[in-house]
Each structure stands twice: as structure tokens, then as C-alpha cells.
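Notes follow once the structure below has been shown.
Only the coordinates and a few stated rules stand behind these numbers; no lab work does. Source: prediction; values computed, not measured. Neighbour counts are summed over all protein chains in view; Cβ atoms, including those assigned to glycine, are modelled from backbone coordinates with ideal geometry.
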Amino acid sequence: MKCRVNPSYMEQLYSFYSPFYDYVFGKLLEPGRRKAFQYLDQRPHQKILEIGIGPGSTLEKYPAHTKLTGIDISASMIEEAQKKAAQLNGGSTFDLHVMDASQLSFPDNYFDAVMSAYVITTVQDPHKVCREILRVVKPGGQIIVINHTRSPNGGVLGKIEDLLAPVCVRIGFTTDLDVIRVMREVGMHVNGAVRCNLLNTGRIIMATKS
Ligand SMILES: C[S@@+](CC[C@H](N)C(=O)[O-])C[C@H]1O[C@@H](n2cnc3c(N)ncnc32)[C@H](O)[C@@H]1O
């Protein structure tokens, strides 16, 4: 049975992390973010959504003149991201809101691209969140997900990830979720995945809406 994520626990936990998140997880997860942005279409003036934006660790990585909308379930995280956004002047606009990624208040086919960095394994219903991402991105639009994803069935590593899940979920994420499979199951067209981060534990997963 998959490990359940409790959304109010996650909201409180990440709010608690928010003042020092950048110094701990922020740095540890930075190689994946840096690599992922190499795959983002660099056209200016794109309307991009980032879900679970946290304290805004990615803000300065967007191409100049991006119209970025960032959402997070934690108000404290959004406050941190707003402070960071106020210091940037690359011509981009940053519209940051408290919002649940499983209930996005945006129209269908609205964004040119959607970015999700280390979020899918922190939500209660990953299928619902991925369906929402798919709904709001334009046909042909880029979807970039950075995440740990459970190893395929049958392997020893996958069993270890299942055993670690109840412990990891206490510190903010689950390890027993096959994120690539979820993305495919909701209808995303997964174009590829490359490894990232310490011990190659992360994946940058590129997908599109067909
Ligand atoms: C591991 S952090 C990743 C933060 C940031 N994206 C990064 O690159 O480090 C997960 C983030 O997802 C947010 N989150 C968790 N569940 C969410 C949900 N249902 N809707 C929106 N954000 C959520 C948390 O508040 C937290 O900021």
C-alpha cells in the first residue's frame, strides 16, 4: 500500500521550514533545478506556472520577461518567494499566490509551460495534481517535473524506497511514488527523463500536452 501524504501536515511542515528551507533543502536540490532550466524553452514573454514554488528558489532562473505565476499551499513560503521576487529586475513579472495544486483556479489551456520542482511526492493526490497541470497548460506546452521517482517494480531499490516512505513522509516527501507512471496515466506525453542530484536520486522529467 502506498504511503499517504496528509496535506495539512505538509502545509504546516513546509511553513515551519520556510525561513531556513533555502539553506538546507534549497542547496541540496539546487543541481536538479539548475539542470532542469536548461530544458526550458528560453523564449521571453512566456506565461509560465510553477506549482509548489516554495521560497522562490527558481525565480531568477526564468528567462528575462517571463510572466511567472507561482503557487504554493504554504502562505509562509509565498511570503519568502515574494521577498525574493521584489529584489529581481530582469523584466519578468511574478504573480505569487497561496493555492492548492490539486485545485488550480486558472482556465484550461492557459500557460505556455508548467514547472514543478520537488512537489509531486509531497501532495496527497498526485494524479489530481498532474491532471490539473495538464488542464492548464496549452496543447504542445512544456511540462517540466523535477522529482525523485520510485524505481521500477521488481528491483531491490524500489523495495528500500517503499520501506523508507513512512519515515521520509514525516520530513516532507514520500519515496514510494512512481512519478513518471502517474504523469503517463493522466495523459501527459513523457518525452524523456534525465538523472540529477546527489547519487542520481532525482529525475528531470520532460513532458508535453499533445
Ligand atoms: C519540497 S518543497 C519544493 C519547493 C521548491 N519547489 C523547490 O524547488 O525547492 C515542496 C513544496 O510544495 C508545497 N506544496 C505541498 N503540497 C502542495 C499542494 N497541494 N499545493 C501547492 N503546493 C504544495 C510545499 O508547501 C513546499 O513549498
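Multiply the residue gap between Leu164 and Lys27 by 0.36 nm, knock off their C-alpha separation, and tell me the result in nm, one decimal place.
Here the segment from Leu164 to Lys27 would lengthen by 47.1 nm.
Describe numerically, in nm with one decimal, the distance between label points set 7 Å from Cα along Cα→Cβ at Arg34 and at Phe16.
It is 3.1 nm.
With springs only between Cα atoms under 10 Å apart, run a GNM on the chain and tell me which of Gly140, Gly172, Gly56 wobbles the most.
Looking only at Gly140, Gly172, Gly56, the largest GNM fluctuation is found for Gly140.
Students often get this wrong: which residues of segment 21-35 have the backbone nitrogen under 13 Å from the point 7 angstrom along Cα-to-C-beta of Ile171?
In segment 21-35, the label zone of Ile171 (backbone N under 13 Å from the point 7 Å along Cα→Cβ) covers 24-26, 28-29.
With springs only between Cα atoms under 10 Å apart, run a GNM on the chain and tell me which of Gly91, Gly26, Gly52 wobbles the most.
Maximum among the listed residues: Gly91.
I want to check the label-to-label distance for Leu199 and Gln82. Put each point 7 Å from Cα in the C-beta direction and report it in nm to one decimal.
The two pseudo-label positions are separated by 3.9 nm.
Rounded to the nearest 20 debye, what is the charge dipole size of the chain about its Cα centre when +1 sits on each Lys and Arg Cβ and -1 on each Asp and Glu Cβ? List each step's numbers first, then the result.
Numbers: 24 positive and 20 negative charges, 108 e Å.
Dipole magnitude for the chain comes out near 520 debye.
Determine the calculated [θ] at 222 nm for the chain from helices alone, applying -39500 (n - 2.57) to every DSSP H run no shorter than 4 residues and normalising by the residue count; nearest 500 deg cm²/dmol. It would help to have the intermediate numbers written out before the result.
Numbers: 7 runs with 68 residues, N = 210.
Counting only the DSSP helices, I get -9500 deg cm²/dmol.
With unit charges on the beta carbon (Lys/Arg positive, Asp/Glu negative), name the residue among Leu157, Leu88, Ser57 whose Cα is farthest towards the positive pole of the charge dipole of the chain.
Positive-end residue among those listed: Leu157.
Compute the relative contact order of the chain as a whole-number percentage, counting only Cα pairs closer than 8 Å that sit 6 or more residues apart in sequence.
Numbers: 421 pairs, mean separation 45.1, N = 210.
Once normalised by length, the contact order is 21 percent.
Within the set Lys2/Lys83; Lys27/Lys61; Lys61/Lys138, which residue pairs have Cα atoms separated by over 26 Å? Numbers along the way, then the final one.
On the way: Lys2/Lys83 37 Å; Lys27/Lys61 15 Å; Lys61/Lys138 22 Å.
Long pairs (Cα-Cα over 26 Å): Lys2/Lys83.
If you find the alpha carbon centre of segment 64-126 and of segment 147-192, how far apart are they in angstrom?
What the calculation gives is 23 Å, centre to centre.
Go ahead and run the numbers for FRET between His127 and Asn89, Cβ-Cβ distance against an R0 of 35 Å, rounding to 0.05. Don't skip to the answer; put the middle values down first.
Working: r = 39 Å, r/R0 = 1.11.
Efficiency, rounded to the nearest 0.05: 0.35.
Of the candidates Val167, Val137, Val182, which one comes out as most mobile in a Gaussian network treatment of the chain with C-alpha springs shorter than 10 Å?
Val167
So what is log10(I(q)/I(0)) for the chain at q = 0.09, 0.13 1/Å, when the Debye sum runs over its Cα atoms only?
-0.31, -0.67
Write out the GluC sites (Glu not before Pro) in segment 129-210 meeting two conditions: DSSP loop, and at most 12 other Cβ atoms within 10 Å of their Cβ.
On the way: sites: Glu132, Glu161, Glu185; in loops: none.
In loop regions of segment 129-210 (DSSP not H, G, I, E or B), there are no sparsely surrounded GluC sites (Glu not before Pro).
What does the extension gain come out to for His189 and Gln42, with contour length at 0.36 nm per residue minus their alpha carbon separation? Intermediate results must be reported in sequence, preceding the final value.
Values: separation 147, 0.36 × 147 = 52.92 nm, distance 2.07 nm.
Difference between extended and current length: 50.9 nm.
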